[in-house]
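Below you'll find the structure, written out as structure tokens, and then a few comments.
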């Protein structure tokens, strides 16, 4: 295995209004109440970005208190994301890197937290890393290093739930 990129733990008080709103024509819908067609679209996005489908993980995230949304525009899935009332953001996936800031903003504004936020952000996810740092999160400790023996997932457009569950 070879090191591929750093993965940062970000924590702190997040200015949720520093993120752009969802673009005109983009609709957010609850993953908890979505049907089989939406589940297939989410699975397809996972397969494109990560190389595998993960329906059991989505069930686990919703059962664990996370609130999840799918984001649709022009009749296609643009991404999805989860937020937990404890402040954890993720996982977050976007078909296009440009959509990450608006998706993150929607997640952060939709789930009130008592204290700060937390996100696991790969170094190549610059459209997420920069805005999260600008909005108040700070790097907590040294980064982990993602290692793999192959090309790996599209971490420029995917923020994992944790270091252990990519």
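General remarks:
- Residue list for the stretch 113-132, filter: within 17 Å of residue 11 (Cβ to Cβ) and out of contact with any strand residue (DSSP E or B) (no Cβ under 7 Å at 6 or more places or on another chain): 113, 114, 115, 130, 131
- In the stretch 146-156, the residues that are loosely packed, with under 12 Cβ neighbours inside 10 Å and in a strand (DSSP E or B): 147
- Selection from the stretch 15-40 of residues that are in a loop (DSSP other than H, G, I, E, B), surrounded by 14 or more Cβ atoms within 10 Å (Cβ to Cβ) and without any contact (Cβ under 8 Å) to a residue 40 or more places away in the chain: 34
- Matching residues in the stretch 74-118 - criterion: being crowded, with 18+ Cβ neighbours inside 10 Å, in contact with a helix residue (DSSP H, G or I) (Cβ under 8 Å, 6 or more places away or on another chain), in a helix (DSSP H, G or I) and without any contact (Cβ under 8 Å) to a residue 60 or more places away in the chain: 100
- Filter result (surrounded by fewer than 20 Cβ atoms within 10 Å (Cβ to Cβ), out of contact with any helix residue (DSSP H, G or I) (no Cβ under 7 Å at 6 or more places or on another chain) and in contact (Cβ under 8 Å) with a residue 12 or more places away in the chain) within the stretch 124-139: 124, 126, 133, 136, 138, 139
- Pairs with Cβ under 9 Å, 6+ apart, first in the stretch 140-166 and free of Cβ contacts under 8 Å to residues at least 24 places away in the same chain, second surrounded by fewer than 15 Cβ atoms within 10 Å (Cβ to Cβ): 150/51; 151/51
- Residue check, residue 95 within 25 Å of residue 151 (Cβ to Cβ) and touching a strand residue (DSSP E or B) at 6+ places or on another chain (Cβ under 6 Å): yes
Taken together, the values in this text are just the output of simple stated rules run on the coordinates, not laboratory data. Given the structure is predicted, the values throughout are model-derived calculations rather than measurements. Note: ideal-geometry Cβ built from the backbone for every residue, glycine included; neighbour counts use all protein chains shown.
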